[in-house]
1. Assess whether SER65 counts as being surrounded by fewer than 17 Cβ atoms within 10 Å (Cβ to Cβ), modelled with pLDDT of 80 or more and of a type in the set (Ser, Thr, Tyr).
2. Output the number of the condition that ALA141 fails; it satisfies all remaining conditions of (1) at pLDDT 50 or above; (2) open to solvent by 60 Å² or more (accessible area, probe 1.4 Å); (3) of a type in the set (A, V, I, L, M, F, W, C).
3. Hand me the list of helices (runs of 4 or more DSSP H) wholly inside segment 1-56 holding 2 or more residues that are open to solvent by 70 Å² or more (accessible area, probe 1.4 Å) and among the polar types (S, T, N, Q).
4. For segment 52-68, what are the residues that are of a type in the set (Lys, Arg) and over 15 Å from ARG11 (Cβ atoms)?
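The values are calculated or read from the model by the stated rules, or taken from the named source; none is laboratory data. Just so you know, these numbers come straight off a predicted model, no measurement behind them. Note: ideal-geometry Cβ built from the backbone for every residue, glycine included; neighbour counts use all protein chains shown. Side chains are part of the model used for accessible areas, which takes the heavy atoms of the whole protein and leaves out ligands, DNA and RNA. Shrake-Rupley method; radii C 1.70, N 1.55, O 1.52, S 1.80 Å.
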Amino acid sequence: MNCEEFLRQFRDALEGKVSESVIQDNVRYYRSYINDQTSGGRSESDVIMTLGDPRLLAKTIEESSKFASGKAGQDGYAGGFNNSNFSNSGYSDYGNHHTAGSAENGDDRRVRIPGWLITCIVAVVVLLVLSVVFHAFVILAPYIIIFLLAGFLVRTVRSWWQRK
């Protein structure tokens, strides 16, 4: 199978299932990918064999387009590249630059922190703050005591002076 045959089967498999703009974007993408790989020294048949069955690839695009139109955006395009097709070929980095975004492809990489870990972090932060406040109080305590004693003496002397 050559490039044109692959792209024709791919286009036929997508016809009527996704918008024409999605078909054009994906055909343009795969044509560019095949050309880039062949200009890099790989044979066209090897590149096409690595891509796999164009109907399966089209089904993947169709499903991701349905997902994207329901969740990700108005144009219904969630990228034209399925990294799983290249996981064994060593070319997965090529596709990472051509997808529409990781969240749109269902690759949501949020990390959930367990409640107990959040509780421990909050407890450590509170202890550190209290430690700093206590340490500052210990350093300033002699000055505070002297200031309070001076104020007490001044009030006592004033009160004694006013009684006379």
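1. Details: surrounded by fewer than 17 Cβ atoms within 10 Å (Cβ to Cβ): no; modelled with pLDDT of 80 or more: yes; of a type in the set (Ser, Thr, Tyr): yes.
No.
2. Unmet condition: (2).
3. 20-39
4. Filtering segment 52-68 down to residues of a type in the set (Lys, Arg) leaves 55, 59, 66.
Of everything in segment 52-68, just one residue is of a type in the set (Lys, Arg) and over 15 Å from ARG11 (Cβ atoms), namely LYS66.
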